[in-house]
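The next block holds one structure in the form of structure tokens; read it before the comments.
The values are calculated or read from the model by the stated rules, or taken from the named source; none is laboratory data. Keep in mind that what you see is a predicted model, and the values were worked out from it rather than measured. Please note: Cβ atoms are built from the backbone with ideal geometry, for glycine as well, and neighbour counts cover all protein chains shown.
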Amino acid sequence: MPGILSELLAGSTSGALTDPLSPKPAQFPAKAKRVIFIFSNGGVSQMDTFDPKPELMKADGKMMGVGGGLSNQQRVLLKPGWEFRPGGKCGTMVSDLFPHLRECMDDICVIRSLKGEDNEHYNATLGMHTGSFFFSRPSIGSWVSYGLGTMNANLPSFVALAPQMPYAGTQIFNNDFLPAYHQGVRVVGGKEPIANLDRRSQQRGLQELELQFADVLNNRHLATRAHDTDLAARIRSFETAFHMQTDAADAFDLAKETDATLQLYNVKRGNNDSFGWQCLVARRLAERGVRFIEIVDGSSSKNWDQHGDMAEHAIHAKNIDQPIAGLLRDLKSRGMLEDTLVVWTTEFGRTPGVDGTKGRGHHSACFCSWLAGGGVKGGITYGATDEIASTVVENKVHVHDFHATILHLLGIEHEKLTFRHGGRDYRLTDVFGNVVHEVLT
């Protein structure tokens with residue numbers, strides 16, 4: 001056997017193939033090098049968070065037709081549950097749900113005029129992640145990986161920090177028809193953030209020899225099947241997984257972080273399963289060259305979907321407010337916010353009227369998201385809704401426009417980021433979408 005192995009290794013073609021995840025140049029000069037995409041699952045209420053509506057306060061309990069794709073249903077209006085106050089020097093109004101984020105508004109652009117296409121959680125979550133509300137398509141992280149590659153060959157280009165799965169499940173980080181090496185790697189936290197990453201044997205050199213042997217055989221096989229992207233992806237995954245045993249383990253190890261940094265994110269030393277841990281690990285992955293990092297807030301069973309009692313929004317807001325504010329402050333202090341685009345969004349908003357007992361219903365006609373860093377104008381708001389946050393009345397931003405703007409900040413022309421599948425060219429923004437230039441520096 002040693003003689004056969006030596007012969008195979010001597011004729012190895014390993015390294016002869018181009019790394020499919022090697023860094024690719026942007027199509028034009030980019031402001032952002034990477035994205036941290038924070039997704040709050042369940043539908044966050046716009047009028048209770050980032051879109052103040054004093055008239056809705058006055059109209060509490062009144063019956064009114066609620067438009068915006070809801071067939072002008074008559075509903076009893078429900079006033080916002082929290083006071084709004086100005087934040088930062090810019091004075092952007094933010095509710096008391098987010099006291100820490102309110103202090104960061106000078107770096108944040110709030111878009112108050114987002115619009116989706118569906119009022120069901122699965123479809124809306126799918127749309128926000130893939131640009132397709134009804135069919136499985138590659139996620140935005142996979143598209144970014146496909147367009148730009150990774151900046152660290154020892155780590156994945158796309159990581160999803162997702163202890164629990166939201167609506168739409170694994171589709172939020174799925175590559176779909178893109179080559180499989182663009183799929184997001186899921187991190188769950190806890191004692192083993194990535195399953196099966198630890199070495200099976202501590203014997204020096206044994207794993208390296210095994211993988212080198214497998215690499216030789218795999219590449220010989222691939223050489224006769226040059227267009228087999230699944231095979232190429234499996235080979236690439238072995239290489240990435242091997243290097244991740246050291247690089248990823250280091251990224252998830254917070255032991256060297258100072259007490260002040262842990263406090264900034266509201267993380268207790270030794271904790272590795274909180275939302276604050278997710279945010280701090282996101283910063284560590286970003287500074288190590290991961291191109292796209294998603295942070296998932298909430299699961300398909302425990303999230304922001306408050307039909308019964310809007311007061312529960314306070315529980316979810318408290319969980320994420322300080323960690324996200326800490327992330328923004330930490331990035332800024334390290335000089336990383338300039339080229340890191342931070343995105344916060346949800347799948348849709350809530351109805352102005354009561355749904356259930358003391359809650360609000362699903363509302364895709366208008367909702368809020370925000371952007372920070374990476375070439376975005378801080379301290380501004382964009383777009384407007386009517387007096388009860390029922391429908392967009394100024395500067396509508398469709399989900400496709402939102403995606404086009406994110407890609408633009410990365411130096412990607414959204415109409416040219418395409419992949420041919422099933423006889424046609426697909427893209428993240430489907431067949432329309434416009435960059436919102438007004439929010440860019």
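Quick rundown of the values:
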| read-out | value |
| --- | --- |
| Among the residues listed as Ala404, Ala384, Ala365, the single one being within 30 Å of Arg329 (Cα to Cα), of a type in the set (Gly, Ala, Ser) and surrounded by 19 or more Cβ atoms within 10 Å (Cβ to Cβ) | Ala404 |
| Selection count where residues are touching an Asp or Glu at 6+ places or on another chain (Cβ under 6 Å) and among the hydroxyl-bearing types (Ser, Thr, Tyr), scope the stretch 386-406 | 0 |
| Residues of the stretch 335-360 satisfying the condition of being part of a loop (DSSP other than H, G, I, E, B) and over 24 Å from the mean Cα position of the chain (by Cα) | Gly356, Thr357 |
| Criterion (among the hydrophobic types (A, V, I, L, M, F, W, C), more than 23 Å from Thr351 (Cα to Cα) and at pLDDT 95 or above) met by exactly one of Ala160, Ala124 | Ala160 |
| Leading residue by the ranking (surrounded by the most Cβ atoms within 10 Å (Cβ to Cβ)) among those in the stretch 137-156 that are at pLDDT 95 or above and part of a loop (DSSP other than H, G, I, E, B) | Ser139 |
| Exclusive hit being part of a loop (DSSP other than H, G, I, E, B), in contact with a helix residue (DSSP H, G or I) (Cβ under 9 Å, 6 or more places away or on another chain) and acidic (Asp, Glu), set Glu257, Glu294 | Glu257 |
| Boolean, Asn266 is in contact (Cβ under 8 Å) with a residue 40 or more places away in the chain, part of a loop (DSSP other than H, G, I, E, B) and surrounded by 13 or more Cβ atoms within 10 Å (Cβ to Cβ) | yes |
| Residue in the stretch 47-69 that is in contact with a helix residue (DSSP H, G or I) (Cβ under 8 Å, 6 or more places away or on another chain), more than 30 Å from Arg284 (Cβ to Cβ), surrounded by 13 or more Cβ atoms within 10 Å (Cβ to Cβ) and at pLDDT 85 or above present | yes |
| The one condition in (1) β-branched (Val, Ile, Thr); (2) assigned to a helix (DSSP H, G or I); (3) within 24 Å of Glu55 (Cα to Cα) that Ile320 fails to fulfil | (3) |
| Test set (1) of a type outside the set (Val, Ile, Thr); (2) at pLDDT below 65; (3) touching a helix residue (DSSP H, G or I) at 6+ places or on another chain (Cβ under 8 Å) - Leu262 fails condition number | (2) |
| Subset of the stretch 394-426 [without any contact (Cβ under 8 Å) to a residue 60 or more places away in the chain and not in a loop (DSSP other than H, G, I, E, B)] | Asp401, Ala404, Thr405, His408, Thr418, Arg420, Arg424, Asp425 |
| Qualifying positions in the stretch 323-334 - part of a helix (DSSP H, G or I) and in contact (Cβ under 8 Å) with a residue 12 or more places away in the chain | Pro323, Ile324, Ala325, Gly326, Leu327, Leu328, Arg329, Asp330, Leu331, Lys332 |
| Qualifying positions in the stretch 403-429 - closer than 22 Å to Thr345 by Cα and in contact with a Ser or Thr (Cβ under 7 Å, 6 or more places away or on another chain) | His403, Ala404, His414, Arg427 |
| Pairs, first within 16 Å of Asn123 (Cα to Cα) in the stretch 343-357, second surrounded by 24 or more Cβ atoms within 10 Å (Cβ to Cβ) and among the aromatic types (Phe, Trp, Tyr), C-beta under 6 Å, six or more apart | Phe348/Phe367; Gly349/Phe367 |
| Matching residues in the stretch 371-380 - criterion: being buried (at least 23 other Cβ atoms within 10 Å of the Cβ) and in a strand (DSSP E or B) | Leu371, Ala372, Val376 |
| Meets criteria (assigned to a helix (DSSP H, G or I), of a type in the set (Gly, Ala, Ser) and surrounded by fewer than 23 Cβ atoms within 10 Å (Cβ to Cβ)) for Ala311 | yes |
| Any hit, the stretch 103-125, residues being surrounded by 22 or more Cβ atoms within 10 Å (Cβ to Cβ), free of Cβ contacts under 8 Å to residues at least 60 places away in the same chain and either among the hydrophobic types (A, V, I, L, M, F, W, C) or within 20 Å of His400 (Cβ to Cβ) (or both) | no |
| Any chance His421 is of a type outside the set (A, V, I, L, M), out of contact with any strand residue (DSSP E or B) (no Cβ under 9 Å at 6 or more places or on another chain) and within 20 Å of Phe39 (Cα to Cα) | no |
| Members of the stretch 127-157 found to be out of contact with any His (no Cβ under 8 Å at 6 or more places or on another chain) and either of a type in the set (Val, Ile, Thr) or farther than 26 Å from Gly349 by Cα (or both), listed by number | Thr130, Val144, Gly147, Leu148, Gly149, Thr150, Met151, Asn152, Pro156 |
